[in-house]
Amino acid sequence: MIVAIDGSAASGKGTLAKRLATHLGLSHLDTGALYRAVGLQLLKAGQDSKNINENQCVKSCVELDIALTTSPLIRSEKVAEMASIVAAMPAVRAALLDLQRQFAATPPDPKGAILDGRDIGTVVLPHADFKFFIDANICTRAERRTKELLQAGQSVMFRDVLTDMQERDSRDRFRSVAPLRPADDAISIDTSSMDADDVLALALSYITP
Ligand code: CDP
């Protein structure tokens, strides 16, 4: 079984993906972590988000240190910004495509895979068995992200998180390649007034074995 989950920042798509993976025995790939790891690697190499070189970004994808995808350092707002800037580059997306498709084709768990991101149902896995599109209103999402970052020990303010998220949303939705949008056959869930259990139960109600 292949499940594709797309959605906006802090919409709850990652939480849903993890919980569905556990519930259904599927292998999970957080594709945002790949873009964030590329962003972190570039920042570590001294690249500046305002003046970034596309060849350097592709090189960073090819030489990606996969261990960075699990580093807590990828969870900062600075890395999120860099990730969304490099993610708008067609050559970067192309460089990360095979890795994502290969994971879905040969997941560690033979029961299947669940991938979450921005373009999984539209570009990476257009033939997925189930597709979800997760969204919530921007204030709720910014509140959730502020809470997460504070809990992780980062010092952030709601106002700044909201502004960063608005910029990132607009970059992700209006870029020319693989913009954030629901696939035509995706099930949309607005999580603004739902908790993680409600979202899991609703998603499971659409999944037939
Ligand atoms: O955790 P959050 O939802 O804030 O972001 P993420 O899923 O970790 O993704 C970080 C950034 O990577 C996004 O803002 C996108 O620009 C980019 N991304 C993408 O373009 N395509 C994907 N499949 C996943 C992430």
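Considering only the other residues whose Cβ falls under 11 Å of the Cβ of LEU43, what net charge follows from Lys and Arg at +1 and Asp and Glu at -1? Within the 11 Å Cβ shell, the charges total +1.
Taking all protein chains into account, the per residue accessible area for the chain stands at 49 Å² (1.4 Å probe).
Annotation for the stretch 1-50 versus the stretch 141-174: alpha-carbon center distance of 16 Å.
Dipole magnitude for the stretch 53-209: about 300 debye, using +1 per Lys or Arg Cβ and -1 per Asp or Glu Cβ, origin at the Cα centre.
For the chain, with all protein chains in place and a probe radius of 1.4 Å, 54% of the accessible heavy-atom surface sits on carbon or sulfur. The count of lysine pairs in the stretch 2-207 with alpha-carbon distances below 30 Å, taking only pairs 8 or more places apart or on different chains, stands at 24. Treating each Cα of the stretch 53-209 as an identical point scatterer and summing with the Debye formula, the log10 of I(q)/I(0) at q = 0.13, 0.17, 0.19 Å⁻¹ comes to -0.75, -1.32, -1.55. In the chain, the DSSP-assigned H stretches of four residues or longer account for a calculated mean residue ellipticity at 222 nm of -15500 deg cm²/dmol, using -39500 (n - 2.57) per stretch and the full residue count as denominator. Helices meeting the span-like rule in the chain (full DSSP H runs, Cα extent of at least 15 Å along the helix axis, mean Kyte-Doolittle score of -0.5 or higher): 13-24, 31-44, 90-105, 196-206.
In the assembled protein chains, SER27 presents an accessible area of approximately 10 Å² (probe radius 1.4 Å). Gain on full extension, evaluated as 0.36 nm per residue between MET1 and ASP65 minus their Cα-Cα distance, stands at 20.2 nm. Ordered by 1.4 Å accessible area with all protein chains kept, ASP30, ASP116 run largest first as ASP30, ASP116.
Of all segments of the chain bounded by trypsin sites (Lys or Arg not before Pro) found in a DSSP loop with no more than 13 other C-beta atoms within 10 Å, the longest spans 112-209. How would you classify the stretch 1-61 from its alpha-carbon gyration tensor, with a ≥ b ≥ c the square roots of the eigenvalues: rounded for a/c under 1.5, else prolate if a/b is greater than b/c, otherwise oblate? Prolate, because a/c is 1.5 or more and a/b exceeds b/c.
The values are calculated or read from the model by the stated rules, or taken from the named source; none is laboratory data. This one's a predicted model, so the numbers in the text were calculated from it and none came from an experiment. When we count neighbours, we look across all protein chains shown, and the Cβ atoms used for this are built from the backbone with ideal geometry, even at glycine. Each accessible area value is taken on the protein alone, full model and side chains, heavy atoms only, with ligands, DNA and RNA left out. Shrake-Rupley method; radii C 1.70, N 1.55, O 1.52, S 1.80 Å.
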